[in-house]
1. Being open to solvent by 50 Å² or more (accessible area, probe 1.4 Å), over 26 Å from the mean Cα position of the chain (by Cα) and of a type outside the set (A, V, I, L, M) is the requirement here; does Pro216 meet it?
2. Answer yes or no as to whether Arg204 is surrounded by 10 or more Cβ atoms within 10 Å (Cβ to Cβ) and either closer than 30 Å to Ala95 by Cβ or not aromatic (Phe, Trp, Tyr) (or both).
3. Can you tell me which residue among Gly22, Gly36 is open to solvent by less than 70 Å² (accessible area, probe 1.4 Å) and modelled with pLDDT under 90?
4. Enumerate the pairs (first residue in the stretch 6-19 and under 12 Å from Ser66 (Cα atoms); second residue anywhere and assigned to a loop (DSSP other than H, G, I, E, B) and at pLDDT 95 or above) with beta-carbon separation below 7 Å, excluding pairs fewer than 6 apart on the same chain, so at least 6 apart or on different chains.
5. Could you check Lys149 against (1) surrounded by 10 or more Cβ atoms within 10 Å (Cβ to Cβ); (2) at pLDDT 90 or above and say which number it fails?
6. If Leu133 passes every condition in (1) hydrophobic (A, V, I, L, M, F, W, C); (2) open to solvent by less than 70 Å² (accessible area, probe 1.4 Å); (3) modelled with pLDDT of 90 or more but one, which one does it miss?
7. Could you check, for the stretch 186-195, whether at least one of its residues is open to solvent by less than 60 Å² (accessible area, probe 1.4 Å) and without any contact (Cβ under 8 Å) to a residue 12 or more places away in the chain?
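The values are calculated or read from the model by the stated rules, or taken from the named source; none is laboratory data. Just so you know, these numbers come straight off a predicted model, no measurement behind them. Note that we place each Cβ from the backbone using ideal geometry, even for glycine, and neighbour counts take in every protein chain shown. Note: accessible area is taken over every heavy atom of the protein model, side chains too, but ligands, DNA and RNA are not part of it. Shrake-Rupley method; radii C 1.70, N 1.55, O 1.52, S 1.80 Å.
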Amino acid sequence: RLTYNFREDTHVYWKYTRGWKGGHFNAAAALRPEDGVTYAEPETNNAYETGLSGSFVDSKINLNFSLFYYDYSNYQLFTVQNSSGSTPEFFVVNAQGVEIYGAELSGDFRPFDNTLIQARFSWLESTFTELILENTVIIQPPVGPSITKNQDLNYGGNRMVNSPQYKVSLTAQQTFPLGRYGAVTARYDGAWTDTVYFDPTEGRGLENDDQQLFLPE
């Protein structure tokens, strides 16, 4: 981490960190017998961040701004596998490619004595640049034996799981001193979060036998 101080209460910084997560065995009993125990490779992340932090107007205004970029290798995706004749199984796979970057801005404002206003905003771009998962469908026709069909599902270009594009939050607080009896504080907290997806299909579900998505966007 490198920091340059313009003055005592204002600085700019540059930071690099490297993270690592160990591999994962998918050994649930109900997994498809032909697959056996599958393994997700260890995940690494090179994280780059730069930002500015400063206080202004006698510390009545405090601002923090940051930009970040995450360079993942073997990103581990926690998802669900559906096998015919069994309950859904949670398992971990490696995404072939992801892209994550964004920014955060927060500010504290103290316009009057005992008054505090905090505002926070975040922007996140997260995309599966390449993600192909295999899906097995067993079709039972009206007559004759069942048909097993393997499908490669391409989720490239979809938004990543649990990563809303925008988040905004606000806090307003006013304290009323009561002398030797202490103080009374009134506080309001509000937050708004953009759409959140819980699977790589962006909530559309899997295709049916005719390669059609029947769930609404």
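1. Taking the combined requirement at face value, the residue does not satisfy it.
2. Yes; evaluated as a whole, the condition is true for this residue.
3. Working: Gly22 fails: modelled with pLDDT under 90.
The unique qualifying residue is Gly36.
4. Listed pairs, sorted by first residue: Tyr13/Arg1; Lys15/Arg1.
5. (2)
6. Against the list (1) hydrophobic (A, V, I, L, M, F, W, C); (2) open to solvent by less than 70 Å² (accessible area, probe 1.4 Å); (3) modelled with pLDDT of 90 or more, Leu133 comes up short only on (3).
7. Within the stretch 186-195, not a single residue is open to solvent by less than 60 Å² (accessible area, probe 1.4 Å) and without any contact (Cβ under 8 Å) to a residue 12 or more places away in the chain.
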